[in-house]
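Have a look at the structure below before the remarks.
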Amino acid sequence: MNRTRSIALQAFTRMQELGVTPTPENYATWFAYYSGSNPELSAEVDRLDLSGMLTAENTARLHDDFLGMAQERRGLQDISMKIEEAMRSLIEQVNQVERGAQDYGNALNSLSGELNTHDTDSVNSLIAMVIGETERMALMNRDLEERLAQSASEISRLRTDLQTVRVEATTDGLTGLANRKAFDQDIQTQIEDAARQGYPLSLLILDIDHFKTFNDTHGHQTGDQVLRLVARTVQSVLPPHCTAARLGGEEFCVLAPRFPLGHACQIGESIRKAVGSKVLKNRKTGEALGLVTLSVGVATHVFGETSSQLIERADEALYLAKHTGRNRVCSQTDLRPSSLQAGA
């Protein structure tokens with residue numbers, strides 16, 4: 001009990017320090033962080049803190065990105081259980097008909113053996129029995145057909161639901177981009193493919209400049225409009241094979257397989273210019289709200305390093321872009337010499 005109180009106090013204190021509204025979702029996020037119950041969430045909080053980007057806006061999305069996954073997993077488990085139940089029911093129906101067919105066959109064999117030993121009246125009675133057994137078997141088959149059709153429809157619906165849950169589990173609900181979970185899976189796959197096939201892999205991390213000020217001035221709904229605008233713009237200028245994701249808050253990323261550092265920086269410039277050319281307007285009043293700018297950090301994977309090391313280097317480049325004027329692209333070659341481990 002004392003430990004629970006201590007964790008709760010730490011959570012409330014940290015939310016006050018960051019100016020985070022103490023909603024149930026935010027409290028659950030910080031309670032999970034200080035309790036250590038969600039290692040992935042803790043790692044992301046530490047990463048944001050280390051890079052100087054642990055703000056109220058960045059942490060406000062952590063609940064959806066990390067704790068929301070538990071709900072998604074429950075959805076997957078629920079659908080999987082329903083599919084399993086439908087399959088068990090289907091197998092039982094088939095087994096019932098199989099048993100009925102065996103009984104029918106046994107009855108026919110028994111009746112055929114008795115035909116030669118009975119008079120006409122007995123034969124007629126036996127024939128009536130055969131007809132009755134045949135009708136019963138036909139009825140059982142019709143019932144099976146109906147049940148099979150119902151089961152097939154139910155399984156098809158559940159498969160659609162399962163695919164929907166899988167898509168939702170890897171999609172950011174606000175922007176439609178891949179979410180952090182999908183990015184974590186994708187970057188690992190891309191690193192393995194790049195190492196196996198020997199091509200470069202670059203990572204761009206993008207952050208909207210002064211997003212907190214924008215939110216405070218114009219409200220969170222307009223802030224969401226900005227996030228959607230940036231997501232659409234990033235998608236519109238990406239070269240083939242590149243994928244974009246929203247890492248959380250106002251932070252986005254792009255994985256650029258087969259693009260060396262110099263070319264990846266050009267992609268970053270294209271994104272920065274495209275976003276900077278958009279004039280944001282209030283949808284209700286038509287009032288111009290100003291321009292949106294991005295800071296971009298770019299790094300290229302070094303053979304043998306982990307995804308965390310690549311992300312950390314791109315983060316350092318982003319941090320440099322933020323602290324040297326914003327609205328610019330910085331790469332690993334702009335960092336201190338100890339970070340220069342990959343060529344352009």
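Peptides 178-186, 294-302, ordered by how many other C-beta atoms sit within 10 Å of their residues on average, highest first, read 294-302, 178-186. Close amide H pairs (under 5 Å, H built 1.01 Å from N) link Gly290 with Leu280, residues at least 5 positions away or on another chain. Of all accessible surface on the range 251-328 at a 1.4 Å probe, what whole percent is carbon and sulfur? Carbon and sulfur together cover 51 percent of it. For the peptides 201-208, 228-235, the ranking by mean Cβ contacts within 10 Å, running from highest to lowest, is 201-208, 228-235. When the listed pairs Lys181/Lys281; Lys212/Lys278; Lys212/Lys284 are checked against a 25 Å cut-off, the alpha-carbon distance exceeds it for Lys181/Lys281.
Can you give me the Kirkwood hydrodynamic radius for the range 235-322, using every pair of distinct Cα atoms, in Å to one decimal?
Values: mean 1/r = 0.0691 Å⁻¹.
When all Cα pairs of the range 235-322 are included, the Kirkwood radius is 14.5 Å.
Put simply, when 9-16, 40-47 are sorted by average Cβ atoms within 10 angstrom per residue, most first, you get 40-47, 9-16.
What the Cα atoms of the range 293-334 give is an Rg and a Dmax of 10.4, 34 Å.
Placing one identical point scatterer on every Cα of the range 193-344 and ignoring solvent, what is log10 I(q)/I(0) from the Debye formula at q = 0.10, 0.20 Å⁻¹? Result of the Debye calculation: -0.35, -1.19.
The residues packed around Gly198, meaning those with a beta-carbon under 13 Å from its beta-carbon, carry a net charge of 0 if Lys and Arg are +1 and Asp and Glu are -1.
The values are calculated or read from the model by the stated rules, or taken from the named source; none is laboratory data. Because the structure is predicted, anything quoted here is derived from the model rather than measured. Note that each Cβ is placed from the backbone with ideal geometry, even for glycine, and that neighbours are counted across all protein chains shown. Heavy atoms of the whole protein, side chains included, go into the accessibility calculation; ligands, DNA and RNA do not. Shrake-Rupley method; radii C 1.70, N 1.55, O 1.52, S 1.80 Å.
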